[in-house]
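Read the structure below first, then the notes.
The values are calculated or read from the model by the stated rules, or taken from the named source; none is laboratory data. Bear in mind that the values here come from a model prediction, so they are computed numbers and not experimental data. Glycine also receives a Cβ, built like all others from the backbone with ideal geometry; neighbour counts cover every protein chain displayed.
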Amino acid sequence: MDLSIRTAAAALTALATLALTTGCDTDFWGNPIPGPSDDGTKCVNAEPVAPPPPVDPASETRPPGVADGNSWIIFELEVRALSADNDRDYCIPVAVHIYSRSGEADAVALDSRGMVGGPFDILTTTPWTGHYVALQYDPRLERFQGRPPAYEVHLDATYLDDRDIYVTGNPPPRALRCGIRIRGVLVAQDIAVVADRSNVRCELRSNDYWVHS
């Protein structure tokens, strides 16, 4: 079992007893906190506030587009920046790269914010939230007996300091963070002090955590 799978398993085990609700948000470090997050409207040229997905990704509700009898998984993606005065939803320009792959599972398009396949390269601003990757497969097929499909999800983000003055005109951020969640639990995370490193990279490789009908 590789390190990324052990890390994800430990995170899910440790947090499995948490009561995760639709209204639950996180601080910059990925810890659950109550209440809605900042909607990013302080940011010039900010991405529009994402509408809620068709299902709560922290629940085990079957998403639209998943066939009857199929198992599924939803990956929730996020990129946040932290200002010098600890604004966890600090607005900065970033280049975001998303890539997901599974040789046997099928992609599910949840809504307009869903990412199908990839790779995708996006120029946007933080906070970048409300985006998802989802997969499904038929566990009744013989080839999946005792062996769910493997998958990998990659999320990279780079602070674009040369564009910052044109987008926000604010001081440089203190830190940059990316995260991947499954059913509300943080399973992959990377945090960088921007003065030392302006790129963060989150990767998850596994064949676990599928929701079964």
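All of 123, 110 fail the test of being under 20 Å from residue 179 (Cα atoms), surrounded by fewer than 16 Cβ atoms within 10 Å (Cβ to Cβ) and touching a Pro at 6+ places or on another chain (Cβ under 8 Å), apart from 123. Please work out if residue 13 is in a helix (DSSP H, G or I) and modelled with pLDDT under 75. The answer is yes for residue 13.
Tell me whether segment 152-174 contains one or more residues that are surrounded by fewer than 18 Cβ atoms within 10 Å (Cβ to Cβ) and hydrophobic (A, V, I, L, M, F, W, C). Scanning segment 152-174, I find at least one residue that is surrounded by fewer than 18 Cβ atoms within 10 Å (Cβ to Cβ) and hydrophobic (A, V, I, L, M, F, W, C), so the answer is yes. Flag: residue 186 matches the condition of being closer than 22 Å to residue 59 by Cα and either under 14 Å from the mean Cα position of the chain (by Cα) or assigned to a strand (DSSP E or B) (or both).
Examine segment 51-66 for a residue that is modelled with pLDDT of 90 or more, part of a loop (DSSP other than H, G, I, E, B), surrounded by 14 or more Cβ atoms within 10 Å (Cβ to Cβ) and aliphatic (A, V, I, L, M), and state whether such a residue exists. Yes: one or more hits. Taken as a whole, the condition of being small (Gly, Ala, Ser) and either buried (at least 16 other Cβ atoms within 10 Å of the Cβ) or at pLDDT 90 or above (or both) applies to residue 71. Put simply, of 163, 143 the only residue that is of a type in the set (Lys, Arg), in a helix (DSSP H, G or I) and in contact with a Pro (Cβ under 6 Å, 6 or more places away or on another chain) is 163. Condition check for residue 80 on (1) among the basic types (Lys, Arg); (2) modelled with pLDDT of 70 or more; (3) part of a loop (DSSP other than H, G, I, E, B): one failure, at (3).
For residue 110, indicate whether it is within 15 Å of the chain's Cα centre (by Cα), touching a residue at least 24 places away in the same chain (Cβ under 8 Å) and not in a strand (DSSP E or B). Spelling it out, residue 110 is indeed within 15 Å of the chain's Cα centre (by Cα), touching a residue at least 24 places away in the same chain (Cβ under 8 Å) and not in a strand (DSSP E or B). When 156, 85 are checked against the criterion of being part of a loop (DSSP other than H, G, I, E, B) and among the acidic types (Asp, Glu), 85 stands alone in meeting it. For segment 108-136, filtered to residues that are touching a Leu at 6+ places or on another chain (Cβ under 6 Å) and more than 24 Å from residue 168 (Cα to Cα), the residue that is modelled with the lowest pLDDT is 132.
For segment 123-166, the set of residues classified as without any contact (Cβ under 8 Å) to a residue 40 or more places away in the chain and among the small types (Gly, Ala, Ser) consists of 146 only.
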